[in-house]
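Data block below; observations after.
We did not get these values from a lab; they are worked out from the coordinates using the rules stated. Since we're looking at a predicted model, the values are computed, not measured. Here Cβ is always computed from backbone atoms with ideal geometry, including for glycine, and neighbour counts include all displayed protein chains.
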Amino acid sequence: MSALTTSSVVVAALVAALLRPASVLDVVVTGVETFGYRVVNAYPHDADAYTQGLIYRDGFLYESTGLNGRSTLRKVVLETGQVVQRRPLGHEYFAEGLTDWGPRLLQLTWQSHVGFVYDLASFQLQLSFPLAGEGWGLTHDDKALIVSDGSNRLRFLDPDSYREIKHIAVSDAGAPVKDLNELEYVRGQIYANVWHTDRIAIIAPDTGNVSGWIDLSGLMSAGYDLDAEAVLNGVAYDSARNRLFVTGKLWPKLFEIAIVRHRA
């Protein structure tokens with residue numbers, strides 16, 4: 001079986017688990033398929049939040065917001081959008097990706113070549129670590145941190161030393177997929193927003209092959225007067241209840257979505 005077919009089988013099983021009902025995707029996918037979505041719920045989201053990182057943990061959203069002078073780390077109530085805990089960053093920092101690791105939160109910066117580690121409960125800064133290149137998206141599997149830098153490369157870092165373990169080049173049928181932005185690890189696959197698009201790439205972490213796409217065109221209504229940079233950016237997964245959340249920079253809404261197969 002080819003690597004592409006193997007990745008496709010994996011993504012078929014993954015997407016099937018996220019579909020509602022699961023029987024919608026009961027046929028094995030044999031190529032790189034583009035999926036659609038169905039909105040399950042819509043929640044308020046701070047329209048001033050320049051979302052750069054998003055995770056769901058223990059009933060709350062944790063969010064990293066960017067821009068110099070406006071960057072923050074936040075704890076947010078999903079249902080209301082209320083920010084119940086906030087830590088601002090210094091004006092010199094443009095915050096980027098966010099993930100958790102045990103009792104810690106880790107946050108990247110864009111071009112300052114540094115990442116920050118906080119206590120999950122108190123948001124107290126515990127330490128900083130050097131970051132080679134630009135910081136964009138951040139997630140983790142069970143062994144390593146996974147970092148994007150706007151290229152087609154994903155780097156895997158040791159969660160204790162923050163040194164690179166390995167990296168993969170992301171491609172779709174051999175063509176590099178660049179501008180990988182916010183990341184989320186979902187059932188053994190990496191979900192990556194592609195900057196300035198309405199698409200999420202589903203990436204096999206062992207090969208870097210894109211095994212599927214999620215097309216979120218039209219998710220944020222054109223009826224809102226949004227900034228040109230108010231693009232899709234923010235993916236969070238609730239593994240306990242199998243829920244997938246997405247939002248964007250400066251979006252007034254955050255959505256729970258179900259992945260659906262496009263009709264032929």
**Message:** Compute a Gaussian network model of the chain, connecting alpha carbons closer than 10 Å, and tell me which residue from 106, 157, 232 fluctuates the most.
**Reply:** 157
**Request:** Count the lysine pairs in the chain whose Cα atoms lie under 24 Å apart, taking only pairs 8 or more positions apart in sequence or on different chains.
**Result:** 5
**Exposure proxy ranking, count of Cβ atoms within 10 Å, fewest first, for 45, 262, 196** = 262, 196, 45
**Complete:** Fewest to most Cβ atoms within 10 Å: 256, 229, 79 sort as 79, 229, 256
**Message:** Here are a few candidate values for Kirkwood radius over Cα pairs in Å: (i) 18.8; (ii) 18.3; (iii) 25.8. Which one was actually calculated from the structure I just gave you?
**Reply:** (ii)
**Item:** Computed [θ] at 222 nm, deg cm²/dmol, the chain (DSSP H ≥ 4; -39,500 (n - 2.57); rounded to nearest 500)
**Value:** -2000 deg cm²/dmol
**Asked** Hey, in the GNM for the chain with a 10 angstrom Cα cutoff, which one of 59, 133, 218 fluctuates hardest?
**Response** 218
**Request:** In debye, nearest 20, what is the charge dipole magnitude of segment 3-261 about its Cα centre with +1 on Lys and Arg Cβ and -1 on Asp and Glu Cβ, if you could check?
**Result:** 320
